[in-house]
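The values are calculated or read from the model by the stated rules, or taken from the named source; none is laboratory data. Only a predicted model underlies this, so the values are computations on that prediction, with no experimental measurement involved. Cβ sites come from the backbone with ideal geometry, for glycine too, and all protein chains shown count toward neighbours. Remember, those area values only see protein heavy atoms, side chains included, never the ligands or the DNA or RNA. Shrake-Rupley method; radii C 1.70, N 1.55, O 1.52, S 1.80 Å.
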Amino acid sequence: MKGSNQQTYNRVPQLGSSSRCPSINEQPDLPLSESCHDGSRSRTGDSLPDGEFSPHPTISINPLACIRSDESSIREEVCLQGDDFRDECARLPPRASRHQYAWSMIKRILTTNFVDDKGLLHLYRHLCRAGEDPDIDDGGLAMVKLIKLWVLSIIGIMLVHPLARWMDWEIDENYTLQDFVQYDFSIVLLDLLFFFVVGRLYNASCRGIDHLFPWGIFIILGSIYPSIANDFAFLRHSISMYDIMCSWPVPLFIYALALLVTAIVFGVALIRSHHRRNVLRSRIVEAITLLCLFILPYVRSDTFHLHHWFGMWWLGMQSNAPEWWARAFQAFALGSYINGIAVYGRDPILGCGLAFYRSTNLGCEYMECYKGAGNETEYKDFVTPDWRMCNAAALKDVT
């Protein structure tokens, strides 16, 4: 018998062996089947060329079968002996179709960060010569995510501001990007910091806002929807006691009712998520605290105006569950906040009441006309809109 045949027979590994399967090119004289499910063509001692004798006349050489390694997604060739290869091939997962491959690529594109958090942290520590010690007190990945939130939100405001003017949306004509930088920039950073902490954007469940789904897509939707909604006449009203009681049309009440039903369904899903993760009580305490801090002290004022930047900022913080739908609403709320700041500026929720208080408290010269007659130290009382009587008239005599 030829030495090559003898060597080939003796090198057939068992299933699970770490030995590499001899390739087809290494066995040119063995008739191998082209598929695991084709007829098995065996070669015994009787089928050897005349004059040659096999020391293992009962061994049959079966085709190569492909199984998927548990440790890797790469299909590796493993030589199987006997009839076991049929069972192994029957258990093989089906090959990914083109549609499955395309969907896998789309998912990867939608959920991959544009800038890797760990890579950015490594670069930051390298520039600061901080080393790679994980115990370094530099904020770590949380600081990287916060910086991304700040940068992308400010960029969003600077993009939506000219877009709203180009699209001829309803805007504050007097509000410029220079006004934003001079008056609103620092307080917007504080808003976003609060949104980051309460919204749990530092958690591992939030991979940062620089990937398309859900953050990118829903931020874009949130940043354009409020302006598009203004194209409908019945939606051109504010959320204030005076406007609700005196100006809201019937279609707007129906629209508000539909939003309320949607909010209830969403709230129930959010409560179930918090309950499943055993954080429901802490989230309830947190929401009540934020309600008492940011809304209840002002809602009783007749000048209270729930700007959409404020309402979506507050609601977005509460949607801090790890599920994708919670993050999607959080992204939509952030986009609506960006729209409000870019289009109208960060107007105070107490409106003219707060402006009057600050102007008179600072003794601004332009308020001289508002002083009472014969008294140069006292200002006339500020007249607030009366939603009970639907009377919004201000003082007629301000001279």
Calculated log₁₀ intensity ratio I(q)/I(0) where the Debye formula runs over C-alpha points of region 310-391, q = 0.13, 0.25 Å⁻¹: -0.65, -1.10
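Quick check for me: using +1 on Lys/Arg Cβ and -1 on Asp/Glu Cβ, what's the dipole size of region 259-346 about its Cα centre, in debye to the nearest 20? Present the calculation step by step, with values, prior to reporting the outcome.
Working: 8 positive and 3 negative charges, 60 e Å.
Dipole size: approximately 280 debye.
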Just the Cα atoms of region 209-323, one point each, no solvent: what log10 I(q)/I(0) does Debye give at q = 0.12, 0.21, 0.23 Å⁻¹? -0.57, -1.40, -1.43
At 1.4 Å probe size, with the rest of the protein present, what percent of the exposed accessible area of region 206-313 is carbon and sulfur atoms? 73 percent
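Expressed as a rounded percentage, what relative contact order does region 312-382 have, with Cα pairs under 8 Å and six or more residues apart?
Details: 40 pairs, mean separation 13.5, N = 71.
Over region 312-382, the number comes to 19 percent.
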Over region 262-363, give the accessible area per residue in Å² for a 1.4 Å probe, as an integer. 50 Å²
With the charge dipole of region 110-215 built from beta-carbon charges (+1 for Lys and Arg, -1 for Asp and Glu) about the Cα centre, the Cα from LEU192, GLY208, LEU177 projecting farthest to the positive end belongs to GLY208
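Could you tell me the relative contact order of region 164-304? Use alpha-carbon pairs under 8 Å, at least six residues apart, and round to a whole percent. Spell out each step's value before the answer.
Details: 36 pairs, mean separation 24.7, N = 141.
So the answer I get is 17 percent.
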What do you reckon, how do ASP302, ASP116 stack up by accessible area (1.4 Å probe), largest on top? ASP116, ASP302
Rounded accessible area per residue of region 201-247, 1.4 Å, Å²: 50 Å²
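Would you work out the relative contact order for region 146-228, in percent, from Cα pairs under 8 angstrom that are 6 or more residues apart? Show your work: numbers first, answer last.
Details: 30 pairs, mean separation 36.1, N = 83.
Once normalised by length, the contact order is 43 percent.
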Probe 1.4 Å - accessible area at ARG165, Å² to nearest ten: 70 Å²
